[in-house]
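Structure record follows, encoded as structure tokens.
The values are calculated or read from the model by the stated rules, or taken from the named source; none is laboratory data. Predicted model only: the values in this text are computed from it and were never measured. With ideal geometry, Cβ positions are generated from the backbone for all residues, glycine too; neighbour counts draw on all protein chains shown.
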Amino acid sequence: MMLVDSVILIFVILSSFAVRSGYWFWPDLDLYLLIFGAPCLAVPIFFIYGHYHSVSRFFGGEKALWSLFKAVSLYSLIWGLLVFMSGIDGIPRSVILINWLIAFICIGGVRFFARRLLRSSNIIKNQEVINVIIYGAGAAGIQLMENLNNLAEYQPVAFIDDSINLHKQIINGVKVHNFSDIETLIKRHNVSEVFLALPSLSKNSRNEIINSLQPYSLIVKILPSFIDLAKGNISIEDLHKVRIDDLLGRDSVQPNQSLLKINIKNKVVMVTGAGGSIGSELCRQICKLGAKKLILFDQSEAALYMIDLELDNGVEVIPILGSVVNQDRIEKICLKFSVQTIYHAAAYKHVPMVEFNNTEGVLNNIFGTLSAANAAVNCGVETFVLISTDKAVRPTNTMGATKRCSEIILQALSENQKTTRFMIVRFGNVLDSSGSVIPLFKKQIKEGGPLTITDKEIVRYFMTISEAVELVIQAGAMGKGGDVFVLNMGDPVRIYDLAFKMIKLSGLEVLDDNNPNGDIEIKYIGLRPGEKLYEELLVSGDVSETKHSLIMRAVEELIEWSELEIILKSLEEATNQSDHRKIRELLIKIVPQFKPQSKIVDILLRS
């Protein structure tokens, strides 16, 4: 590069004289040093400005051009001063200006040519270029295109923008089109990916765009947030494939910071089921909110080890192995560390698994909750928050019935004592949790299908884990005792639509009767024991608003503790004796809305 620049600089000076005089110029001996010595002046300046440290195939952009402009200007200025100081007659002043202009054009032009040449050779050598469309011709889209131009793998072929004022304009050689042109652009340029450069767009609007791209089997990637644009950090690394949480049609609501901290800030907090999907996210957020101590309680050694390894936020974290059924151990923990808040996330939540293991589901979900709640009362714990589920509403399976029993237990205990505030927070499915369909669909797509769905009409509520946990913490801070809080999960999502979108947004086609040449089939396997087509969040429908727009307070029927305690003793006896029929009868007695969807299918009853 130094050699090429040296040759160019000498040629540029000779050309400057020629342009000024109107004929080819060859210098006299007294000009030799000024002309042929010019590289000795320019090369060190270019070196100082970093033009021999940068990689040619990444040259370009505003910063690189500005740096080159300053380097060439400084060289031309010093060379002009040397010309005047030399005292040689007959050198026109305009030669200095012409030299500066042509030098900038030639030095920059050679670098752009080298970048194009190196990119082309890299494409030929390594891989075929991926033609992409950038959706959004604003600041983020332009910034993203500049980054793409530095990569051999991607070639921006068009902008798409909804602004009529930008249509047919050309930005850095790339034309801006209306969305109606997208099908033509895809076919003409063999486009396989679309990058959404609209970081300030609402989730609803972004979802509409993603839905409109579905028919074209494109891989869609998005820039995550407006914050990155504000920082000037928009780059190809910021893009990620569209995730399912990007498709939820409701924008998240900013949390109330005061509610988040009431039960956590400078307090000793215990999380049961700390290694699970909800429990581990609870632990992460509790650490960020400044708990004094955090007790991790889980019966899974592996899960407990992983979450303990992850947490490091200046909070004293204490991992403890144990089962929630062991009330004596929970009491010892609460007394030893003076626990003030308990988030009870420990439960068996997988519907078919609990259906096949009735007694363990009852033991862990019902009597585990009872043990933890009694321990909290006996040890003077201030707040106890139960993580419940929409499957507790008019349950059709054992898991849902056990969770509703847990709710009823806390409601009854709340009426029977004033030591501990008991709260219940009920919500639907969380994305990417253990047992969720999302990880299963991702795995099945990676393996080439088919995607398995129980029924084409099955629907579920979904929420991101982080948002659900934020709302759980805030709800727990609003309760007075015995409250049942229900989270606003937005609109229910049809699982078939979820599977269809995941296939399309992976750049693949659905294989069915209408498209026999598709890539991945969606297969229906039928409802499993205990499953129902839709979930509900309310039993009675009687709700009231709270301080948070996404949290509602439900009014549910109560059972007096004196009556409930008698039934629970019978249930415990039936569980210990593995009397499955008696267990079902007593569950229905506690939860009259329990309408079993299947007969008893416990594994131990199989012949």
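Quick look at the numbers
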item: Lone unmet requirement of (1) over 30 Å from residue 132 (Cβ atoms); (2) out of contact with any strand residue (DSSP E or B) (no Cβ under 9 Å at 6 or more places or on another chain); (3) not assigned by TED's automatic domain parsing to the domain that holds residue 586 for residue 568; result: (3)
item: Subset of the range 169-198 (residues that are of a type in the set (Asp, Glu), in a helix (DSSP H, G or I) and closer than 20 Å to residue 223 by Cα); result: none
item: Matching residues in the range 73-102 - criterion: being among the small types (Gly, Ala, Ser) and in a helix (DSSP H, G or I); result: 73, 76, 80, 86, 94
item: Subset of the range 479-519 (residues that are free of Cβ contacts under 8 Å to residues at least 60 places away in the same chain, among the basic types (Lys, Arg) and surrounded by 15 or more Cβ atoms within 10 Å (Cβ to Cβ)); result: 494
item: Residue check, residue 349 charged (D, E, K, R), under 24 Å from residue 301 (Cα atoms) and more than 32 Å from the chain's Cα centre (by Cα); result: no
item: One residue from 526, 481 being closer than 30 Å to residue 599 by Cα, at pLDDT 85 or above and part of a loop (DSSP other than H, G, I, E, B); result: 526
item: Qualifying residue in the range 307-323 (condition: β-branched (Val, Ile, Thr), in contact with a strand residue (DSSP E or B) (Cβ under 8 Å, 6 or more places away or on another chain), surrounded by fewer than 17 Cβ atoms within 10 Å (Cβ to Cβ) and at pLDDT 95 or above); result: yes
item: Residues being among the aliphatic types (A, V, I, L, M) and modelled with pLDDT of 95 or more - total across the range 548-585; result: 7
item: Residue among 438, 409, 473, 445 that alone is of a type in the set (A, V, I, L, M), part of a helix (DSSP H, G or I) and modelled with pLDDT of 95 or more; result: 409
item: Evaluation of residue 259 against (1) at pLDDT below 90; (2) touching a Cys at 6+ places or on another chain (Cβ under 9 Å) (one fails), failing number; result: (2)
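Yes or no, residue by residue, for (1) small (Gly, Ala, Ser); (2) farther than 28 Å from residue 472 by Cβ:
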| site | (1), (2) |
| --- | --- |
| 548 | no, no |
| 559 | no, no |
| 562 | yes, yes |
| 572 | no, yes |
| 578 | yes, yes |
| 583 | no, yes |
| 589 | no, yes |
| 598 | yes, yes |
| 605 | no, yes |
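Residue-by-condition table, conditions (1) among the hydrophobic types (A, V, I, L, M, F, W, C); (2) within 21 Å of residue 479 (Cα to Cα); (3) assigned by TED's automatic domain parsing to the domain that holds residue 402; (4) surrounded by fewer than 19 Cβ atoms within 10 Å (Cβ to Cβ):
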site: 335; (1), (2), (3), (4): yes, no, yes, yes
site: 338; (1), (2), (3), (4): no, no, yes, yes
site: 341; (1), (2), (3), (4): no, yes, yes, no
site: 347; (1), (2), (3), (4): yes, no, yes, no
site: 351; (1), (2), (3), (4): yes, no, yes, no
site: 358; (1), (2), (3), (4): no, no, yes, no
site: 364; (1), (2), (3), (4): no, no, yes, no
site: 375; (1), (2), (3), (4): yes, yes, yes, no
site: 381; (1), (2), (3), (4): yes, yes, yes, no
